[in-house]
Amino acid sequence: YAIRDYVVERGVPLLITVASADGLTQRLAAPNIFRTGTSGSQNSHPFGTWLYEQAGYRKLVLMASNYAMGYEQTGGFARTFVDAGGEVVRVIYPPLGTPDFSPFLTSFNPSEADAVGAVFAGSDAIKFVTQYQEYGLKGAIPLVGTGLLVDDLIIEAQGGAAEGIVSATHYTAAIDSPENQAFVKAYRDRFGRTPTLYAESSYAAGQFISTAVTQLNGDLSDSAAVLKAI
């Protein structure tokens, strides 16, 4: 969001790989902004409906990091879950980089909801999931979330605390298709680790750029032509 106006003013191609920022391809969309990954609420919108219709939940507590990504992803949950007939009984936004989630995990009664919908990423997700178990909530109320909560990059560090969490994501290395199996093998052979949604979205961006450059025979002097090729 911070660089959007600067990039648009200069017409520089911006390929969004992982940054969720809904608005960059909605109300703040521009001809030179492209997305190769998902937007913030793209997974949580259908997931909110699923939680009501398939999981059978009727009341949710939402918890997320206190910045744009957290607002947008919980917004997707709230919109479709409530539209389906559910109720969001509490929304809690811990600061980004919270070292201790205990004040937030103890601020509600597990009996007031059917599940906790969480949106955290990276080290925050590791701490949140492990502390959720430590404070006895794992067996008391189900934990669900968007894919960032338990993605391929961090799930090993979360260990047993991540077991049983249901999440919605556009990509995981566990997808069982010939194309993904080939991608996972090539990635592991080259980098010695398993690809994540971060790798997948960035690889897709690389394909967009490579194809565009090839179509232009390497001539990037005409910015309008570059945008058209992408």
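Just so it is clear, none of the values below were taken in a lab; they were calculated from the coordinates. Source: prediction; values computed, not measured.
Apply the Debye scattering formula to the stretch 159-230, with a single equal point scatterer on each alpha-carbon and no solvent, then give log10 I(q)/I(0) at q = 0.14, 0.21, 0.25, 0.26 Å⁻¹. Treating every Cα as an identical point scatterer, log10 I(q)/I(0) equals -0.63, -0.95, -1.08, -1.11. Compared with the dominant principal axis of the Cα atoms in the chain, helix 68-84 is inclined by about 60°. Counting every C-alpha pair in the chain, the share spaced more than 28 angstrom apart comes to 38%.
What number, in percent, do you get for the relative contact order of the chain if the mean sequence gap of Cα pairs under 8 Å and at least 6 apart is divided by its residue count? Can you show the working numbers first?
Numbers: 362 pairs, mean separation 37.9, N = 230.
This gives 16 percent for the chain.
With contacts taken as Cα pairs under 8 Å at a separation of at least 6 residues, the stretch 94-182 carries a relative contact order of 27 percent. Compared with the dominant Cα axis of the chain, that is its longest principal axis, helix 122-134 is turned about 20°. The mean sequence distance of close C-alpha pairs (under 8 Å, at least 6 residues apart), as a share of the length of the stretch 1-83, puts its relative contact order at 28 percent. Pairwise alpha-carbon distances in the stretch 1-72 exceed 16 Å for 56% of all pairs.
For K127, the lysines whose Cα comes closer than 18 Å to its Cα, not counting residues fewer than 8 places off in the same chain, are K138.
Need one word for the stretch 30-159: rounded, prolate or oblate. Basis is the Cα gyration tensor (sqrt eigenvalues a ≥ b ≥ c); a/c below 1.5 gives rounded, then a/b vs b/c decides.
Cα axes put the stretch 30-159 in the oblate bin.
Compared with the dominant principal axis of the Cα atoms in the chain, helix 197-215 is inclined by about 10°.
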